[in-house]
Every structure is written in structure tokens, then in C-alpha cells.
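The values are calculated or read from the model by the stated rules, or taken from the named source; none is laboratory data. Only a predicted model underlies this, so the values are computations on that prediction, with no experimental measurement involved. So basically every Cβ, Gly included, is an ideal-geometry build from the backbone, and we count neighbours across all protein chains shown.
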């Protein structure tokens, strides 16, 4: 079992992080996969409920054109009017950061997180305005469309054929204390004019992407929370595949299968090799080839130094919350020792918290 | 004379949540209200108020079909009255808590079976479900939370939904709701906060619900591709991979309780890999005469459990377990065998190797998966 106790530096870092967090406002994001899924409604409804519970809530920004039920909610809350700036001949409304800081509410609602501010504004991007509010201890509840997340633009373009002009960095989204997915069937989005099958398909793909992204954020937060508590529990809420590479395994097949499985499960994909001393040059070469193949297949490759390779792999697998361990076996004359003596036999017996998938070696068939 | 054509099957929509109190029922009722405003004939077939004021207010104006009262062991239970709904024949029926088990003496043992009757009669159903009721997740949920969920629903029932909508709130907001007594009574809420509703449990369940909903969307898109390959290929975000052999998973069942874990996990992996799924028991005789009554009952129960999850089952006659498994695998194009861990090594195994060793030796190009043990 590796030492799980945090170092003094780590503890200090945590205390500092906590202190920073305590004086900062909380950031809560409603994430939708398209416009009209109801992000603004959910955001404002949260504002209404907070106000009912006695919190001091204001609206920092809301679109001027909203649905009637959203307008209803807007009417119940105090609005801090935005600044109107002229940019390229059109009037643009931006967050009045100074007015909000002066008013200093407990909670500020900010719609359309991914907007750019016109040149000459206090900050170039709205998310930077929000960061300022958070720094001043104001809690911000905001809404963003998946299609405006900077790092997702390649995927978005593959689906919609378009890239967003105005974006927000994913790191900012991930820094949120809370993220909520706003889901709705694609049909609900084109109520007025029924969309084509291709539209519906595109929306479904975006929807899947949004759900998976939210799941990733939840997973990251979950592991952070577990780490902070110093507890080592295995939840297995996300699948993780680990391929064990040795010169004698059918690495090509294992990696191909690992990649395909990772694609289907949308899960983590790792490959590990425990360095062995005194390996013949031909085997060394094979291992190098397999490791390169692993990287090409999209696996996160780790090389371990350890005397007891089975134990090293198991410790690694546990530390990385692996749910599926892929191992090879060879049915040559020494098959019994290879598989059921050390180290594979030991590994299968000890790896009882994960699935172990044994791959046959071509030489055996 | 030709029989009258069966009505088109109703539309099936599920509001999926990750725990009690996330707002599934509320959203289901809200959807009903929206339909009513549009002039659709929507009724409430079953709704569990749980004494939540906000939720109850959302039923206003919606017709509620009276429930059926049943006596069981001296207590009166209320269930959805499927017959009355069929006679009333609304366009859309709202049915809360899809995973509910009906009281003994009901016509059907599970509410989802009642829902199927409504759908078959052409009535659209909007329903609510929590992720932990999914059969294939049962062991994982138990391992995570310590709670063995008793009311489960086979995954294929959920797969059949035309639409699954995620109802999301953050675990923090949900815990606040509990603390404020919105979800349960004070005393029950305190217990829940300490046990099931911990931040980590809720986060893990939430992640699983999101991933499952994403998976269902992907499966629907893929099914569309299969129907219209030419059209779908142009739109698909991932370049088409070369055609490959379809995966086929074979689950080896025996009389041990761990077989259930094996079946659930095999089903889940098969669903994700779009693989076929089979389960066998190898026996010297098809009648299972050589087994003790308890073991025979257990094997039959496990095979029945697999069939409930739409896994094809077979009893394979053979004296040698390993040889029987491998022969069946080779004859049926199996790519992956799911097995439990081998138990104690007796003298025979010391001589010939455990079943697992022998399967591995004989299997050649078939992969063998030894399924994780679920423990707490």
C-alpha cells in the first residue's frame, strides 16, 4: 500500500486553498447543450428561490429578449442595469462591474457567460468580470452553452460545422463550485418550427457531449473531495481500463481492444509497463514498439520501476481507480508458471476489486 | 376476418434522477401541465405526493385517475389502476416511480409491466426513475453506498424509452433540501444525510446517471445509423471504423450467489460493447438431476434471472466444465467468457488445474474476464 498521508507542503497548500475559497464567492454554472434548453430559466428560478430564503440576490445581466416565463422571473428580482457601449456601430450591453461591486449583493445572476466585451471595457471577457465579482466575495450563478467552451470547439465543429466566435475557457468552467446540467429533449427545442432529422441528430450529439463533459467535471470534483478527506474509497463511478504491457503479451490486440472499450465507455485508458532488468535486446525493442503503439492508441502510458511487478501493477491500478485490468498470457511450454505461478496468478488473485481480462497470445493458437 | 390492427405503441419518456428529491416528479408533472396547455389529453395515472407542497401544487388542473385499493395481510395498499386508465384511454399518462414493485395480489408484479400494457394500448407514458434502480448497477451501488436496492428494473426496459431526460441538481442543493425537510421528515432526513445522501455517494450516483443518459443517446444515434447508413455516415462525428467481428459475451453460471454479480456485470459490459450476450450452465445431464435440490433451485434461479435481463440461456451437457465452456464458446462465436473466481483447490484441481486455468489453456483466441468481487 503506498503512503497516502499528505506531506506538510500538501497540507499547507490545502489550508491556503481553503482560505482562498472561504473569502471568495461561490460559482455555480448551469450548463446546457444548446440555446433554448432552459438555462436562463433555471438560473433565474434559483435566484428567486434564494431570495425567498432571505438571500440578497440581484441580476447582473439578462438577455433583453426572453421567453414570457423567464420575463416573469426577471420581474421578481432587482436588476443592476448593464453599461451600454457602442462597438462597430451596434450597441452592446456589458456587465456594470463597478456598480455591482458597489451594491455588493450576496448573489449575482449573470446570463450568457461566454460573451466578449467590446474593446475598451474593463475586462475583455465576461467570465473575467465574473472572476472579479467572485474575488470580491459575491456568489455568482451563471448560465453557459456547451457550444461556447473554448477547448470543445473541434468537437463542436465536427457536429455543427461551426466554431463559436466567443468562448470561455474550460478551466474556468471546471473551477466552478457547482455545475448543473440542464437537459431537455431536442424536440422541445424546435417547438415552433419542427426541426429536420439532421437538426435533431446534431442536437442529440451535442447533448451527449454536454452530459459526458458534466460527468467528467463531477468525476474530477468527486476525486478531489475524496482526496481532501484523505479517504481511499473505490467508487467505480467511471470505468478505467489498464493494459499491462510485457514483451510476451499480445499487446497489439490488448491495446486495440482497450481503445475500443474506452471509446464505448467514454472512460480513462491507461497502459503500464514494469521495467525488467536483463531483458534480451529483441524484447527491449518489442516493448518500445508496444509503448509507442499504446501512445498512438490514446493510452496514458506509465513506466514503473519495481522489483515485484505484479504488486507494482496492482498498487498502480488501485491508485488510479482502475475497473478493468487487461493482461496477456502465453501458452508456451512454461504457460503454467507464466500464468499461475508468479506474477499473473498472484495478480488475478489479488486484483479482486477489478475485472481482469486475460488475452491469449497468438503463439498459442 | 382480419383482427383489428394493434394501435401504434405509445411514446415512452423517462425523467431520470440520481436520488430522491432531485425533482423528477416535479418535472414529470410540469411536462404534463405543458401538454395540457397545448390541449393534449394528459392524466395522472399514479403520483407519489410524499407530502411535498411544491410538487403537489403542480398537479392542479390535471385529472387524476383514482387508484386501486388492495388488501394484503390486513393492510390496504394503493396501486395504479391500469384497467381504469385503459378504459379512460388518455393520450398521455403520467406514472411516477417506474421501478415500483406492486403489492402481492396485483395483476402484474412490477409497475413497468403496467406501463408496458399502457404503451401497447397506444397510450404515451411519462414516468420517473432513479438511476440506482437499474438492475445492472445493483452490485456497484451496493458497494458504493452500502445500500442494496431491492426494487430493480431490467436495463432493456429503460433502453426502450424514446426519450430519457436527466433531472439534475447539485448534491449540495439536494442536501440543503433534505436539511430543510423538503424531501423527508426531520428524523428520516438526518439518517439519510449520514448514510445514503453523503456528498460522495450523491456525486458518484450523479456521474453514473449522466454517463448512462449519454450512453442511451449514443445507442439511439447508432441505431439510426444502422437504419440509414448512407445518411448517418456523413453526419457521424467519428470516422467509421473498419467492420469487425461482432463481440459476443458468454457468462458461465453456477449455483453460487456470485453468479448474479457475474450476470449483471456481463449484461452491462455487453450493452456498452453492443455485444450479444449468452449464459450457460454446464451439467452432466440436462435435467440437473445430479444437483442437490438447493443447488438445482439456485441454478434455475440464476438462469431465470439472466433471461429476465434478456440474456439467452442454455444448459450445456458435459462432464467437464472447462471443456464444455470452451466448446460452446467456439461453436457460438464467443469473443469473451465471463467467469467468477475459482474457489478452493481440491486434489483434483491440484492435479489438473482449476477450471479457470483449464479454460484459459483451452480457449485459444477467446478472451476470459474474471469479474471483480463486490465487497464492503
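Observations
- Selected residue [within 24 Å of the chain's Cα centre (by Cα), modelled with pLDDT of 85 or more and not in a strand (DSSP E or B)] from B:338, B:328, B:305: B:305
- Residues (within 21 Å of residue B:129 (Cα to Cα) and out of contact with any strand residue (DSSP E or B) (no Cβ under 8 Å at 6 or more places or on another chain)) located in segment B:23-45: B:26, B:30, B:33, B:34
- Residue match in segment A:292-312 (condition: within 14 Å of another protein chain (Cβ to nearest Cβ), loosely packed, with under 15 Cβ neighbours inside 10 Å and at pLDDT 80 or above): yes
- Selected residue [surrounded by fewer than 22 Cβ atoms within 10 Å (Cβ to Cβ), at pLDDT 95 or above and touching a helix residue (DSSP H, G or I) at 6+ places or on another chain (Cβ under 6 Å)] from B:121, B:189: B:121
- Segment A:17-47, subset surrounded by fewer than 12 Cβ atoms within 10 Å (Cβ to Cβ), out of contact with any helix residue (DSSP H, G or I) (no Cβ under 9 Å at 6 or more places or on another chain) and more than 15 Å from residue A:224 (Cβ to Cβ), residue modelled with the highest pLDDT: A:22
- Subset of segment B:94-118 [buried (at least 22 other Cβ atoms within 10 Å of the Cβ), free of Cβ contacts under 8 Å to residues at least 60 places away in the same chain and part of a strand (DSSP E or B)]: B:95
- Filter result (crowded, with 22+ Cβ neighbours inside 10 Å and either within 13 Å of another protein chain (Cβ to nearest Cβ) or without any contact (Cβ under 8 Å) to a residue 24 or more places away in the chain (or both)) within segment A:48-64: none
- Pick from segment A:249-280, criterion part of a loop (DSSP other than H, G, I, E, B) and touching a strand residue (DSSP E or B) at 6+ places or on another chain (Cβ under 7 Å), ranking: farthest from residue B:219 (Cα to Cα): A:275
- Odd one out for residue B:322, checked against (1) surrounded by 15 or more Cβ atoms within 10 Å (Cβ to Cβ); (2) modelled with pLDDT under 95; (3) within 21 Å of residue A:241 (Cα to Cα): (3)
- Leading residue by the ranking (farthest from residue A:35 (Cα to Cα)) among those in segment A:113-127 that are in contact (Cβ under 8 Å) with a residue 24 or more places away in the chain and out of contact with any helix residue (DSSP H, G or I) (no Cβ under 7 Å at 6 or more places or on another chain): A:120
- Number of the exception - residue A:150 against (1) more than 12 Å from chain B (Cβ to nearest Cβ); (2) over 30 Å from residue A:18 (Cα atoms): (2)
- Taking segment B:40-54 as the range and being more than 27 Å from the chain's Cα centre (by Cα), in a loop (DSSP other than H, G, I, E, B) and over 20 Å from residue B:85 (Cβ atoms) as the test, the residues that pass are B:51, B:52.
- Those strands (runs of 3 or more DSSP E) lying entirely in segment A:49-123 with at least 3 residues within 31 Å of the chain's Cα centre (by Cα): A:57-61, A:107-110
- Condition check for residue A:283: closer than 20 Å to residue A:359 by Cα and assigned to a helix (DSSP H, G or I): yes
- The set of residues in segment B:197-217 being more than 7 Å from every other protein chain (Cβ to nearest Cβ), over 17 Å from residue B:138 (Cβ atoms) and in contact with a strand residue (DSSP E or B) (Cβ under 8 Å, 6 or more places away or on another chain) consists of B:216 alone.
- When segment A:174-203 is filtered for residues that are away from chain B (no Cβ under 14 Å) and either part of a helix (DSSP H, G or I) or in contact (Cβ under 8 Å) with a residue 60 or more places away in the chain (or both), the ones remaining, listed by number, are A:174, A:175.
- Contacts under 7 angstrom Cβ, first residue in segment B:307-330 being at positive phi, partner modelled with pLDDT of 95 or more and part of a helix (DSSP H, G or I), 6 or more apart: B:310/B:156
- Residues that are part of a helix (DSSP H, G or I) and under 15 Å from residue B:114 (Cα atoms) within segment B:125-165 comprise B:157, B:158, listed in sequence order.
- The set of residues from segment A:209-227 being within 29 Å of residue A:18 (Cβ to Cβ) and either modelled with pLDDT of 85 or more or at the interface with chain B (Cβ under 7 Å from one of its Cβ atoms) (or both) comprises A:213, A:214, A:215, A:216, A:217, A:218, A:219, A:220, A:221, A:222, A:225, A:226.
- Within segment B:176-186, the set of residues being in a helix (DSSP H, G or I) and either more than 10 Å from chain A (Cβ to nearest Cβ) or modelled with pLDDT under 80 (or both) comprises B:177, B:178, B:179, B:186.
- When every residue of segment B:267-274 is checked against the conditions, at least one turns out to be outside any helix (DSSP H, G or I) and either within 14 Å of another protein chain (Cβ to nearest Cβ) or touching a strand residue (DSSP E or B) at 6+ places or on another chain (Cβ under 7 Å) (or both).
Per-residue answers, yes or no, for (1) under 30 Å from residue A:283 (Cα atoms); (2) crowded, with 21+ Cβ neighbours inside 10 Å; (3) modelled with pLDDT under 95; (4) at the interface with chain B (Cβ under 10 Å from one of its Cβ atoms):
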site: A:229; (1), (2), (3), (4): no, no, yes, yes
site: A:238; (1), (2), (3), (4): no, yes, yes, yes
site: A:253; (1), (2), (3), (4): yes, no, yes, yes
site: A:256; (1), (2), (3), (4): yes, no, yes, yes
site: A:269; (1), (2), (3), (4): yes, yes, no, no
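- Selection status of residue A:349, loosely packed, with under 13 Cβ neighbours inside 10 Å and at pLDDT below 90: no
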